[in-house]
Structure formats: structure tokens, C-alpha cells
1. With the requirement that a residue be assigned to a strand (DSSP E or B) and either in contact with a Phe, Trp or Tyr (Cβ under 7 Å, 6 or more places away or on another chain) or loosely packed, with under 11 Cβ neighbours inside 10 Å (or both), what does the range 213-255 give you?
2. Select from the range 180-198 the residues that are within 22 Å of His221 (Cβ to Cβ) and of a type outside the set (A, V, I, L, M) and list them in ascending order.
3. Looking only at the range 26-46, which residues are buried (at least 20 other Cβ atoms within 10 Å of the Cβ), modelled with pLDDT of 95 or more and closer than 16 Å to Ala69 by Cα?
4. Just to be sure, is Gly81 outside any loop (DSSP other than H, G, I, E, B) and at pLDDT below 95?
5. Limited to the range 135-165, what total is found for residues that are in a loop (DSSP other than H, G, I, E, B) and out of contact with any strand residue (DSSP E or B) (no Cβ under 7 Å at 6 or more places or on another chain)?
6. Those residues that are among the aliphatic types (A, V, I, L, M), at pLDDT 90 or above and under 25 Å from His136 (Cα atoms), I need them from the range 203-262; list them, please.
7. Of the residues in the range 11-64, how many are over 24 Å from Thr108 (Cβ atoms), part of a strand (DSSP E or B) and of a type outside the set (Gly, Ala, Ser)?
8. Would a scan of the range 104-112 turn up a residue that is of a type in the set (Ser, Thr, Tyr), within 10 Å of the chain's Cα centre (by Cα) and either surrounded by fewer than 18 Cβ atoms within 10 Å (Cβ to Cβ) or on the phi < 0 side of the Ramachandran plot (or both)?
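The values are calculated or read from the model by the stated rules, or taken from the named source; none is laboratory data. Quick caveat: nothing in here was measured; it's all calculated off a predicted structure. Neighbour counts run over all protein chains shown; Cβ positions are idealised from the backbone, glycine included.
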Amino acid sequence: MTEPLFSRVLLTNDDGIDAPGLTVLEDVARQLAREVWVVAPMLDQSGTSHSVSLHDPLRISRLGERRFAVGGTPGDCVTIGVRHLLAATPPDIILSGINRGANLGRETVFSGTVGAAMTGMLLGIPSIALSQAFTHPAPVKWETARALAPDVIRRLAGLTWSGDACLNVNFPDFPAEESRPLVLTRQGRGLLDGIDVLVREDPRGLAYHWLKLERSRKPDHAGTETEAVAAGHVSVTPLRFERTHEDVWDSLRRQMTPPRGT
């Protein structure tokens, strides 16, 4: 019998404890680890990034052996898992996902899936966010992630990366047998154009509002995750907290530096 790759893994997501992508990730993790712990949001927390709840108490519901739902964000779930439930025996790795929809480019800033991995990174645990691309209204190709994720995770776990980075993995909207190999990518622009506000009226005549992400397919730079996933590759992008815009920093420095002799 093959020795498990991990002694203990912690799983979370942003689509909620009952999401099909989390079920797929559990199946994948059981192939890799001796112990699989699930700490996921009770409800869908998409778009919450790496926010944590500082002003509200968190309720934890035990749903089974090593399986918990938390009334909070993905960042809350990772913190509860690492600092409370597994405080005495930390996980070897945190796997976040598998998200319904790709997390590409600028959208990673808003993603709770990526935010959970960023929180794990902050807490000193190697962390990987995983997402399955799909094209609405076609069904999500969960079997692609189910088939490809074990080898992808094994390969990445065998590499060394800095403690101030987490990994963002996207599976393409292709059948597994038609998907192309894992490639290292950069973040790029992605598909996100902006956010709009949709105004509606309830049965009592009162206004309510929905926020809607606006996306469109557009060319991205060579070597980006958007380009790779569109071509059928599995992409992996290392991410970090540091987001200083170097070109603007240089421009502002020049503008703010007094001329010599003044």
C-alpha cells in the first residue's frame, strides 16, 4: 500500500459546506492524506476575499468526524481550523476549493477561495487554491478536477516555494482526457471588467440592490493563467500579499523628490 503523501490536510472553500466542489476535493484529499479535516463556511461566501470576522462571534457546527461548518468567511474557517481545531497537530497543507468557476487575474483579489489560501499562508501553512473553469450555462466539468487534481497536488507538494506565497490552480473547461499539462503562469488581467449595481423592487414597492460582477473574454498577455486555461492547460500561479505597483512607485518617487538645489 502506498504511504499517504500527507499526514493531515485541512480543506475549506468559499462556496459553502454543501458545495459539490468541496465533495470533489474531499475525494481527492482522501487519496493523498491519512487524515482529512473539513472546516468550511455554512453558507456561500464567494467574494469575501481574505476577510475575517472581528466584530461577530463565530458558531461552529460539528457535522461528522473531522467535518465542521463555521458561520463565517473562508478566512475564519482557516483560522478556526489551524488555531483552534488543529492547534495541537497543525495540517501539513491547506487545500481551498474546488471553486465553481475559474479564479483568474484581478478576480483573485475578491475570491474567497484564494483568500482562504492567503490566510493559510499568513498562518505559516503551505496552501493551494483550486478552481474549475466552466462556461455558463454548460454544467461544470467536475470530473476534470477530480481526475487531474491528485497528480497536480502531488507534483506541487514535491516542490519548494517561499512561505510568503500561496499557489492558485485553475483546471480548464475541457474534459480531463483533452486537458493539457500543468504550466507555471503569471496572474495577468483575467476576465473581470468591473462591478455593477442592479436595482430591483420588492413586492412592497421597496428598492433592493444586487452587486453583479461584469466579465468578458479578452486577450491576455502571453504566459498568463487566463491564456493557459483557455488553451486547455492546468495553470498554477504563485501569489503573495505584496501588491506595490512598481511603475507608479517610481513615477511618484520622481514627482515627490525635490529638484536639487531647492
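1. Step one: filter the range 213-255 for residues assigned to a strand (DSSP E or B), giving 213-215, 224, 233-239.
Result: Glu214, Val234, Pro238.
2. So the first thing to find is which residues in the range 180-198 are within 22 Å of His221 (Cβ to Cβ), and the list is 180-194.
Arg180, Pro181, Thr185, Arg186, Gln187, Gly188, Arg189, Gly190, Asp193, Gly194 - these are the residues of the range 180-198 that are within 22 Å of His221 (Cβ to Cβ) and of a type outside the set (A, V, I, L, M).
3. Answer for the range 26-46, where residues must be buried (at least 20 other Cβ atoms within 10 Å of the Cβ), modelled with pLDDT of 95 or more and closer than 16 Å to Ala69 by Cα: Val36, Trp37, Val38, Val39, Ala40, Pro41.
4. no
5. Filtering the range 135-165 down to residues in a loop (DSSP other than H, G, I, E, B) leaves 135-141, 158-165.
Next, from what is left, pick out any that are out of contact with any strand residue (DSSP E or B) (no Cβ under 7 Å at 6 or more places or on another chain): 135-139, 158-160, 162-164.
Here the count works out to 11.
6. Leu211, Ala228, Val229, Ala230, Ala231, Val234, Val236
7. 7
8. Step one: list which residues in the range 104-112 are of a type in the set (Ser, Thr, Tyr), which gives 108, 111.
In the following step, the residues that additionally are within 10 Å of the chain's Cα centre (by Cα) were identified as 108, 111.
Narrowing the set further to residues that are either surrounded by fewer than 18 Cβ atoms within 10 Å (Cβ to Cβ) or on the phi < 0 side of the Ramachandran plot (or both) leaves 108, 111.
Among the residues of the range 104-112, at least one is of a type in the set (Ser, Thr, Tyr), within 10 Å of the chain's Cα centre (by Cα) and either surrounded by fewer than 18 Cβ atoms within 10 Å (Cβ to Cβ) or on the phi < 0 side of the Ramachandran plot (or both), which makes the answer yes.
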